[in-house]
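Input: a single structure, listed below in structure tokens.
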Amino acid sequence: MGILSGKAWLFGDHVDTDAIIPARYCNTIDPVELGSHAMAGLDPGFAGKVTRGDIVVGGENFGCGSSRETAPIALLGAGIGAVVAVSFGRIFFRNCINVGLPIFESSQAAGNCREGDQLSIFPEDGRLVNETLGASYQLAEYPRQILDIIEAGGMVPYVRRRLGLPPQ
């Protein structure tokens, strides 16, 4: 997985999956349609302001609540390149890996970002650099297999690759 770079979009603690993608929009699994409503529970205009590759930065327990897989799909559909937070709801965390959304934990990085800061994430060495502030933070490390799943675009493409099957 290469370097991820984008502008920081800040959200607080305990952002639940209904804020990430309200239930009224969960009648589809189309990433583009879901992405047009990403974060609508907190900022209805969010999807129109995001630039492809931007990074959501959250506080504690980001993605708590229901187990809807549409939440990370909506973020991907909106163009979000990664999510960094102090901690994640466990089901959301696993759903992000399953759909290939890069996700990283770091209380220091999340706590020291400002809205609009330019961030670069180096997944291979577990580091986030806040280019705006000139600061570097360590991210929680993942086993190589988790990075491979994310790099493949999620669990289904990863398994298809491992089985020697063509991509869908």
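For the reader, a short list of remarks on this structure follows.
- Rg ratio for the chain: its Cα radius of gyration over 2.2 N^0.38 Å, N being its residue count, equals 0.97.
- Under 13 Å from the D148 label point (7 Å along Cα→beta-carbon), backbone N, segment 1-27: 1
- Environment charge at V99 (Cβ cut-off 12 Å; Lys +1, Arg +1, Asp -1, Glu -1): +1
- Restricting the trypsin sites (Lys or Arg not before Pro) of segment 60-168 to loop positions (DSSP other than H, G, I, E, B) with no more than 12 neighbouring Cβ atoms within 10 Å leaves R114.
- With R₀ fixed at 41 Å, the C-beta to C-beta distance from R114 to T28 puts the FRET efficiency at about 0.75.
- Residues in segment 148-168 that a label on E124 would reach, taking backbone N under 19 Å of a point 7 Å out along Cα→Cβ: 148-153
- GNM on the chain, alpha-carbon springs under 10 angstrom: the most fluctuating residue among A47, A78, A110 is A47.
- Of the residues M39, T28, G53, the one whose Cα sits farthest toward the positive end of the charge dipole of segment 1-60, with +1 on the Cβ of Lys and Arg and -1 on the Cβ of Asp and Glu, is G53.
Since every read-out is calculated from the coordinates, none of them should be taken as a lab result. Predicted model only: the values in this text are computed from it and were never measured. Quick reminder, even Gly has a Cβ in these numbers, built from the backbone with ideal geometry, and neighbours come from all protein chains shown.
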